[in-house]
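Below: the structure, in structure tokens.
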Amino acid sequence: MKRTSFVSCLLLLLATFVPHAATAAAQDDNVEWTGISHIAWLDRDPPCPTDGAAFTVRFQAYRNDLTTARLNVDDGSATWVAASLTGTRGPYAVWSAQVPATASATLSYYIELTDGADTDYLSVGGMTSDPPVDGGFALDFATLEHAPVGATPLPGGGTVFKVWSPTRTTAHVRGEFNGWGTGDPLTKVGEHFVGRVADAAAGQKYKYYFQNAYWNTDARAKSLDPSDNYNALIVDPHGYAWQADDFDVPPFEEMIVYQLHVGTFAGRNDPYGTAPFPSRYADVAARAAHLAELGVNVVMLNPVTEFPGDYSAGYNPVTQWAPEWKYGTPDDLKQMVDTLHAHGIAVILDIVWNHFSYTDNYLWNYDGTQIYYDDPAVATPWGDQADLDRDAVRDYYADSALLWLDEYRLDGFRMDATSYMNIAPQEASGWSLMQRLNDEMDNRCADKIALAEQLPDNSWVTRPTNMGGAGFDAQYYDAFTDQLRSEIFAAAAGDPEMWRVRAIIIGNGAYLEGRHVVNYLELHDEAWPSSGGQRIVKTIDTTAPHDDDWAKGRVKL
């Protein structure tokens, strides 16, 4: 392959490891709680039931775990609704139940799960051995407070909007559907504003307007148009028709990972055809067969969450919810993932949770108050960190991960600069947020992977959460990289100490060896000039175009 890009073909050598402890189950009179999951805003269809209409509830358990399951539905009188096995995904069985239409203004449900002689329950408060007393998963058809946060188009037309704004007293949604006027006020329900707009449809632009003074982009917008004042777009979460429904993540001991920057992947020195600059999700999809031919079975994307401008490595996000618009639409990204899956290639996303961009930061001073940041803000070298002590801010991050895993069918994450996730004064909150990510993946996505860019190495990052660790499957092994580079340069003088290479391959004790480390030689920091790193071939051969055969040979060795 001949292609010049700043991440032109970086193969990570993954140590053998088993991420998120994928678990098999059997019908053995024991419901496996660790595999039971129902997240209401993701697992209802439609996501926001209205007018008492019938809707579907989905939940998952480990394959072969349950013998029967049913829902207790209470709309003033309690009834039981049988659930049935409707599909599989990875190690999970997917169950579904149809909640019938009701004339009641409110409704709640909980889930009964049975494995032979063992019966347990799932409700809004979690798993219990006895019937729950927490009221269940509640729906209010009058207030629509059960709507997901963000913009949710309805199957019969219209859209429900919900936005977090704990201290403001008035809010409107203004957009193309109402001539950008103030004809659609939202109703305050707890810390949120909620409203249903009959004429709002997928593809239309909108913004929120607080206190008749403050315009704001939807914090959870699934699509943005930075060229039009960061207006949000309504997105239909079910608008894309997936083709590769039977994809399984490759065995983890067989992973060959290709780090890929969408914007520079295609077009330059490209035998597969021209592409615009920056290149797009569609250009990656068009070259999926080439990646498969290389032997790649995992693509790790540099961040594709929206960033300022059109050209960036991606580490200056303005949101965690919307994909970069210059690369294409949300459906274009889904089509790229779908195509890679069809070629046997998993997709991991690099996520940046430790800071937001200094520029175009539309969460700053949101709704005219500082609800997303501390005052003064917690600083990092790259931008201010969000207020991780607030429940709603932590939800913003954790829910975005579920969005990428579920709606975009991604296969895991690489978290950027985890050492900056637990910095003063919110060390505990940042650490618990990483634990939450990994606990939710353990529960819902045990077949998927979570990697940490932890520099310097720290065994606590890969310790299980029940031991106080952050719970990542593996972390970048900085010691391996440093030692290997050192011996490559020492070899130039004819004196490499190979026992040091052997020692670093063996590892550095519990949770910094074997399955808990990612051994690599070069990544984007070595390829991107402004990061301060440098590729080894350039270090050895300092004269452009840095293509000396001896230098390349040292790197290959």
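Within the range 373-380, can one find any residue that is without any contact (Cβ under 8 Å) to a residue 12 or more places away in the chain and under 25 Å from Glu324 (Cα atoms)? Within the range 373-380 (the criterion being without any contact (Cβ under 8 Å) to a residue 12 or more places away in the chain and under 25 Å from Glu324 (Cα atoms)), the answer is yes, since at least one residue qualifies. Across the range 103-119, the qualifying residues are those that are crowded, with 19+ Cβ neighbours inside 10 Å and over 14 Å from Arg58 (Cα atoms), and the one among them that is nearest to the chain's Cα centre (by Cα) is Ser108. Going by what's in this entry, would Gln483 be described as touching a residue at least 12 places away in the same chain (Cβ under 8 Å), of a type in the set (S, T, N, Q), touching a His at 6+ places or on another chain (Cβ under 9 Å) and surrounded by 14 or more Cβ atoms within 10 Å (Cβ to Cβ)? For Gln483, the condition - touching a residue at least 12 places away in the same chain (Cβ under 8 Å), of a type in the set (S, T, N, Q), touching a His at 6+ places or on another chain (Cβ under 9 Å) and surrounded by 14 or more Cβ atoms within 10 Å (Cβ to Cβ) - is not met. Does Glu145 count as touching a residue at least 40 places away in the same chain (Cβ under 8 Å), under 21 Å from Thr56 (Cβ atoms) and outside any strand (DSSP E or B)? So Glu145 passes the test. Only one of the numbered conditions (1) loosely packed, with under 13 Cβ neighbours inside 10 Å; (2) not in a loop (DSSP other than H, G, I, E, B) is not met by Ala503, and that is (1).
On inspection, Thr128 qualifies as β-branched (Val, Ile, Thr), surrounded by fewer than 16 Cβ atoms within 10 Å (Cβ to Cβ) and in contact with a strand residue (DSSP E or B) (Cβ under 7 Å, 6 or more places away or on another chain). The residues on offer are Tyr366, Tyr358, and the sole one that is of a type outside the set (D, E, K, R) and either surrounded by fewer than 17 Cβ atoms within 10 Å (Cβ to Cβ) or outside the structural domain of Leu437 (by TED's automatic domain parsing) (or both) is Tyr358.
Considering (1) at pLDDT 80 or above; (2) of a type in the set (A, V, I, L, M, F, W, C); (3) assigned to a loop (DSSP other than H, G, I, E, B); (4) more than 19 Å from Gly412 (Cβ to Cβ), the lone condition that Ala493 does not fulfil carries the number (1). If the condition is being within 22 Å of Pro237 (Cβ to Cβ), in contact with a strand residue (DSSP E or B) (Cβ under 9 Å, 6 or more places away or on another chain) and aromatic (Phe, Trp, Tyr), then the range 287-339 contributes Trp321, Trp325. Of the strands (runs of 3 or more DSSP E) lying entirely inside the range 45-84, those carrying at least 1 residues that are within 19 Å of Glu32 (Cβ to Cβ) are 55-62, 68-74. Listed by first and then second residue, the pairs with beta-carbon distance under 9 Å, at least 6 apart or on different chains, first residue in the range 446-461 and more than 30 Å from Ala61 (Cα to Cα), second among the charged types (D, E, K, R) and modelled with pLDDT under 95, are Gln454/Asp478; Leu455/Asp478; Pro456/Asp478; Asp457/Asp478.
Just one residue in the set Ala244, Ala198 is out of contact with any Cys (no Cβ under 9 Å at 6 or more places or on another chain), surrounded by fewer than 16 Cβ atoms within 10 Å (Cβ to Cβ) and at pLDDT below 95; that residue is Ala244. Out of Val133, Val163, which single residue is β-branched (Val, Ile, Thr) and under 30 Å from Tyr209 (Cβ atoms)? Matching residue, one of Val133, Val163: Val163. Under 21 Å from the mean Cα position of the chain (by Cα), closer than 30 Å to Thr159 by Cα and either surrounded by fewer than 19 Cβ atoms within 10 Å (Cβ to Cβ) or at pLDDT 95 or above (or both): does that describe Ala221? Yes, satisfied. Taken together, Pro226, Pro250 contain a single residue that is under 19 Å from Leu340 (Cα atoms), out of contact with any Leu (no Cβ under 8 Å at 6 or more places or on another chain) and surrounded by fewer than 22 Cβ atoms within 10 Å (Cβ to Cβ), which is Pro250. In the range 179-227, counting only strands (runs of 3 or more DSSP E) that sit wholly within it, the ones holding 3 or more residues that are touching a residue at least 24 places away in the same chain (Cβ under 8 Å), closer than 25 Å to Gly239 by Cα and in contact with a strand residue (DSSP E or B) (Cβ under 6 Å, 6 or more places away or on another chain) span 192-197, 205-210. Within the range 399-407, is even one residue closer than 29 Å to Val537 by Cβ and of a type in the set (S, T, N, Q)? The answer is no, given that none of the residues of the range 399-407 is closer than 29 Å to Val537 by Cβ and of a type in the set (S, T, N, Q).
Looking across the range 239-276, just one residue is of a type in the set (A, V, I, L, M) and touching a Pro at 6+ places or on another chain (Cβ under 8 Å), and that is Val262.
The values are calculated or read from the model by the stated rules, or taken from the named source; none is laboratory data. Keep in mind the model is a prediction, meaning the values are calculated, not measured. With ideal geometry, Cβ positions are generated from the backbone for all residues, glycine too; neighbour counts draw on all protein chains shown.
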